[in-house]
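The values are calculated or read from the model by the stated rules, or taken from the named source; none is laboratory data. Treat the numbers as computed from the prediction; the structure is a model and nothing was measured. Ideal geometry is used to build each Cβ from the backbone, glycine not excepted, and the neighbour counts take in all protein chains shown. Areas reflect the complete protein model, heavy atoms only, side chains present, ligands, DNA and RNA absent. Shrake-Rupley method; radii C 1.70, N 1.55, O 1.52, S 1.80 Å.
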Amino acid sequence: MVDIPYMVSRMSRLSYFADMSPADQQKIVRAGTIIQYSANEPVFDEGIPCSGMFVLISGEVFLKKNGPEGQCHTIQVLTPVSMFNEVSVLDRGDNPVSALAGKDSTIWRINQEKFLNIISRNSSLALGLLSMMAKRNRSILSQYEDISFLTVHGRLAKLLLELSPVDGNTIFRENHSTQELAERIGTVPEVLCRAMKSLKDRGLIDTSRFEIKVINKDILAKIANCD
């Protein structure tokens, strides 16, 4: 049984959804389904016909791109509340990426035709989608620049700064596996471990089986900007 008021309150964190009338909000929520995913469970695979439009209500989702030789790059980590897979819905093509639940997650899904019918009647939703796609495109371009112009050390330094708390310096490995960190900077675990050791030898971080401690954020920032 779908808790409609709860779903409306959660999805209202999407600005273009919040601008709709309560009646339209409820219609959209009822048009989709709620699916529970366990941690590390695939949501959909790259290259298959459009799986629909999704909204992450709670949990975490990794959007991944597979390379020709089996390598994998995590192009975005989604947190609630985020809409995703809009490209294949709008261009009627295959899923351009794979999606994987990083944690136990609650996800709302609507099929392609239903969603296209909804946006054809809601200009605010269509404009909101364009804005979201523009922001995501900027994020992907930023990652392209990092991979093209930063070394592995630079990309790792930038990621560690992003993951370390504003008011702290500890990154817990149980939340971020070596494989995940490698995929997020476009490399493989062996190369990541060598880069991590290099930063540790320089006294910029400390590592154990359980955590990574950022010791010198200022120098890591210089490496992230210049290396």
Checklist entry - Which residue pairs have Cβ atoms under 8 Å apart, sit 6 or more places apart or on different chains, and have a first residue in the range 45-73 that is touching a residue at least 60 places away in the same chain (Cβ under 8 Å) and within 17 Å of I34 (Cβ to Cβ) and a second that is of a type in the set (D, E, K, R) and open to solvent by less than 40 Å² (accessible area, probe 1.4 Å)? => result M53/E86
Checklist entry - Residues in the range 59-76 that are open to solvent by 40 Å² or more (accessible area, probe 1.4 Å) and touching a strand residue (DSSP E or B) at 6+ places or on another chain (Cβ under 8 Å): how many? => result 3
Checklist entry - How about the range 121-132: which of its residues are assigned to a helix (DSSP H, G or I) and free of Cβ contacts under 8 Å to residues at least 40 places away in the same chain? => result S123, A126, L130
Item to check | Search result, residues across the range 65-101 that are assigned to a loop (DSSP other than H, G, I, E, B) and polar (S, T, N, Q) | outcome: Q71, T79, N85, N95
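Among the helices (runs of 4 or more DSSP H) contained in the range 133-227, which hold 2 or more residues that are β-branched (V, I, T)? If you could, list the steps in order and put the result at the bottom.
Values: elements: 152-163, 178-184, 189-201, 217-226.
The helices (runs of 4 or more DSSP H) meeting that bar are 217-226.
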Checklist entry - Where residues in the range 77-92 are surrounded by 16 or more Cβ atoms within 10 Å (Cβ to Cβ) and hydroxyl-bearing (S, T, Y), which of them is farthest from E46 (Cα to Cα)? => result S82
Checklist entry - Do you know which of the residues in the range 172-185 that are crowded, with 21+ Cβ neighbours inside 10 Å and touching a residue at least 40 places away in the same chain (Cβ under 8 Å) is farthest from the chain's Cα centre (by Cα)? => result E183
Item to check | Subset of the range 216-227 (residues that are open to solvent by 40 Å² or more (accessible area, probe 1.4 Å) and in contact with a helix residue (DSSP H, G or I) (Cβ under 9 Å, 6 or more places away or on another chain)) | outcome: K217, I219, K222, N225, C226, D227
Checklist entry - Are there any pairs with C-beta distances below 7 angstrom linking a residue in the range 1-30 that is buried (at least 17 other Cβ atoms within 10 Å of the Cβ) to a residue that is modelled with pLDDT under 90 and among the basic types (K, R), with the two at least 6 apart or on different chains, and if so which? => result none
Checklist entry - Restricting the range 110-144 to residues that are out of contact with any Phe, Trp or Tyr (no Cβ under 7 Å at 6 or more places or on another chain) and hydroxyl-bearing (S, T, Y), which is modelled with the lowest pLDDT? => result Y144
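Looking at the range 103-133, which of its residues are among the hydrophobic types (A, V, I, L, M, F, W, C) and open to solvent by 80 Å² or more (accessible area, probe 1.4 Å)?
Result: L127, L130.
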Checklist entry - Quick one: how many residues across the range 38-58 are touching a helix residue (DSSP H, G or I) at 6+ places or on another chain (Cβ under 7 Å) and either farther than 20 Å from R10 by Cβ or loosely packed, with under 14 Cβ neighbours inside 10 Å (or both)? => result 1
Next on the checklist: What pairs come out if I take residues in the range 189-213 that are open to solvent by 50 Å² or more (accessible area, probe 1.4 Å) and modelled with pLDDT of 95 or more and pair them with residues that are assigned to a helix (DSSP H, G or I) and not basic (K, R) whose C-beta lies under 7 Å away, six or more apart or interchain?
Outcome noted: C193/T178
Next on the checklist: Condition first: aliphatic (A, V, I, L, M), over 19 Å from I140 (Cα atoms) and under 13 Å from the mean Cα position of the chain (by Cα). Now tell me which residues in the range 82-129 satisfy that.
Outcome noted: A101
Next on the checklist: Tell me whether the range 93-102 contains one or more residues that are surrounded by fewer than 17 Cβ atoms within 10 Å (Cβ to Cβ) and farther than 24 Å from L159 by Cβ.
Outcome noted: yes
